[in-house]
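Only the coordinates and a few stated rules stand behind these numbers; no lab work does. It should be emphasised that the depicted structure is a prediction, and the values quoted were computed from it without experimental measurement. Every residue, glycine as well, gets a Cβ built from its backbone with ideal geometry; the counts of neighbours run over all protein chains shown.
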Amino acid sequence: MMNKGITANQPKGFLRFLFRLPLWLYRVKLGWLLDKRFLMLTHIGRKSGQPREVVLEVVHDDSETGVYFVAAGWRGKADWFKNIQSNPEVQVMVGSRTFKAKAAVVQLAEAASIFYLYARRHPFAFRELSRLMMGEMLQPVQRDCFLFANSVPLVKLIPCLSLREDIKNEGRNNG
């Protein structure tokens with residue numbers, strides 16, 4: 001029997017503080033230190049209507065399309081995940097690059113494939129994340145990635161502008 005793991009509920013106290021530390025790096029313009037491994041997502045609160053920010057680990061990025069994939073911890077109970085379901089229009093900051101995007105939940109089969117890519121690149125991290133998020137240490141194999149995808153929603157962040165247009169616009173803004 002699988003136990004809930006620590007992420008069945010959102011963290012509180014010191015654990016919440018630790019999880020939010022990368023947000024402060026972005027807020028003081030040091031997000032580039034996190035490279036492309038993490039991004040800051042700005043979304044609109046479903047109740048407040050106010051902008052909210054969260055830093056998430058990038059599970060996968062598609063350099064051709066500019067799409068980034070992030071996992072919704074707390075078994076889909078994270079506030080940011082609930083917020084993007086109400087309003088999928090978001091802003092993404094990766095390093096020092098910012099762009100508008102649309103968030104969409106990935107279907108199970110595609111999510112399992114993306115998690116498998118992640119698990120193969122980062123087997124230790126995958127095992128530890130599965131232990132934290134599901135209460136069971138999964139292995140970086142396809143079957144376990146399907147189990148993980150079934151429990152942890154995957155979200156893709158689709159740029160509103162194509163990557164080429166975004167880079168072109170960045171060039172115009174810089175000179």
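Relative to one another, the C-alpha centroids of the range 118-165 and the range 46-75 are positioned 13 Å apart.
Would you kindly state how much longer the chain becomes between Val28 and Cys160 on full extension, computed as 0.36 nm times their sequence separation minus their alpha carbon distance, in nm to one decimal? The Val28-Cys160 span can extend by a further 45.0 nm.
Each residue, Gln139 and Arg120, gets one label point 7 Å from its Cα in the Cβ direction; the gap between the two is 1.7 nm. In plain terms, the chain from Arg52 to Asn150 could stretch by 32.6 nm, reckoned as 0.36 nm per residue minus the Cα-Cα distance. Take every pair of alpha-carbon atoms less than 8 Å apart whose residues are at least six positions apart; their mean separation over the length of the range 7-160 yields a relative contact order of 25 percent.
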